[in-house]
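For reference, the structure discussed in these notes is given below.
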Amino acid sequence: MFTGIVEELGAVVASEDLGTDARLTIRGPLVTSTAAHGDSIAVNGVCLTVTTLDAEAGTFGADVMPETLRLTQLGALRPGDPVNLERAALVGGRLDGHIVQGHVDGVGRLRSRTPGERWDDLVVEAPADVLRYVVHKGSITVSGVSLTVTHVDDETFGVSLIPTTLAATTLGALAPGDAINLEVDVVAKYVERLLGARA
């Protein structure tokens, strides 16, 4: 479980294509400082399990299964690419973002960005099966970052990025057309399932 509050801007060290799956090596000195084999770390919003750890180098390795490659943009990552990193939330700590599972629902694309005085407004194209759960003023996770939805229509939703998000995450460098991982609020999916079961 995560909160969508990115702790560190890391980088891909290696990306190994294993045919149906892949293996990533990520540099993140902060997130690896307390990590152990088997821990969960969110990489661009995707929950990955630490399979190798080099605390001295500040790197960890993770296996990426076929389902994850199919539903996310992790397969497109190359050495040197920046990534948003977050360790799993501690029980008893503050929930500063929203409940994030690290289970990506689909890949969206940045349609446009409009700079403000100290912020940027983004418009994101999303698949219909993702948009059905997006609501105005609700929460959504974009490449691991917990954001508030500023508008939603049949094809897109909007978010605004504060200066900290622009500086401390990969979202600051996004260009129109770039792919981004999307995770909707899990509560919406549970409510839909429960209402469907009653019907």
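The charge dipole of the chain, taken about its Cα centre with unit charges on the Cβ atoms of Lys, Arg (+1), Asp and Glu (-1) only, comes to about 340 debye. Over the chain, accessible surface divided per residue gives 52 Å², non-protein components excluded, 1.4 Å probe. Kindly write out, for region 32-49 in residue order, the coupling ³J(HN,Hα) from the Karplus curve 6.51 cos²θ - 1.76 cosθ + 1.60 (θ = phi - 60°), rounded to whole Hz, with x marking Gly and Pro. Per-residue couplings from phi come out as 7, 4, 10, 7, 9, 4, x, 5, 9, 9, 7, 10, 6, x, 9, 6, 10, 9 Hz. Under 5 Å between amide hydrogens, built in the peptide plane, is the criterion, and for Asp105 it picks out Leu182, Glu183, Val184 among residues at least 5 positions away or on other chains. Using bins of 5 Å that start at zero, the share of Cα-Cα pairs per bin across region 124-174 amounts to 4, 21, 32, 23, 13, 5, 1, in whole %. Segment Asp17..Leu95, full-extension length gain: 24.5 nm, with 0.36 nm per residue of separation and the alpha-carbon distance subtracted.
Using a simple spin-label model with pseudo-atoms 7 Å out from Cα toward Cβ, Ala128 and Asp39 lie 4.3 nm apart. The H on the amide N of Gly28, modeled in the peptide plane, is under 5 Å from the matching H of Thr59, Phe60, each at least 5 residues off or on a different chain.
Taking each residue as 0.36 nm, the span from Val186 to Asp121 lengthens on full extension beyond its C-alpha to C-alpha distance by 21.0 nm. Computed extension gain for Arg193 through Ala167, at 0.36 nm per residue and net of the alpha carbon distance, reaches 5.6 nm. To the nearest ten degrees, helix 186-198 and the longest principal axis of the Cα atoms of the chain are 60 degrees apart.
The solvent-accessible area of Lys137, taken with every protein chain present and a 1.4 Å probe, is close to 140 Å². Taken one residue at a time, the phi angles of region 139-152 give Karplus couplings (6.51, -1.76, 1.60, θ = phi - 60°) of 9, 9, 9, 10, 6, x, 9, 6, 9, 9, 6, 9, 7, 8 Hz. Gly and Pro are set to x.
Dividing the summed helix terms, -39500 (n - 2.57) for each DSSP H run of n ≥ 4, by the number of residues in the chain produces a 222 nm estimate of -4000 deg cm²/dmol to the nearest 500.
Of the residues Glu16, Glu125, Glu117, the one that moves most in a GNM of the chain with alpha-carbon contacts below 10 Å is Glu117. For the chain, set up a Gaussian network in which alpha carbons nearer than 10 Å are linked by springs, and say which option among Gly38, Gly93, Gly172 fluctuates the most. Maximum fluctuation in the GNM of the chain, among the listed residues, is at Gly93. Mean silhouette area of the chain, derived from the convex hull of its C-alpha atoms and averaged over all directions, reads 12.1 nm². About the centre of its Cα atoms, region 115-199 shows a dipole size close to 440 debye [charges on the beta carbon of Lys, Arg (+1) and Asp, Glu (-1) only; nearest 20 debye].
Largest mean-square fluctuation among Thr32, Thr20, Thr150, in a Gaussian network model of the chain whose springs join Cα atoms under 10 Å apart, belongs to Thr20. Shown in residue order for region 128-135 are the 3J(HN,Hα) couplings computed by the Karplus curve 6.51 cos²θ - 1.76 cosθ + 1.60 at θ = phi - 60°: 4, 6, 8, 4, 4, 9, 8, 10 Hz (x for Gly and Pro).
Accessible surface of the chain, 1.4 Å probe: 54 percent of it comes from carbon and sulfur atoms.
The values are calculated or read from the model by the stated rules, or taken from the named source; none is laboratory data. The structure presented is a predicted model; accordingly, all values stated were derived computationally and were not measured. All Cβ positions, even for glycine, are placed from backbone atoms using ideal geometry, and neighbour counts span all protein chains on display. Note: accessible area is taken over every heavy atom of the protein model, side chains too, but ligands, DNA and RNA are not part of it. Shrake-Rupley method; radii C 1.70, N 1.55, O 1.52, S 1.80 Å.
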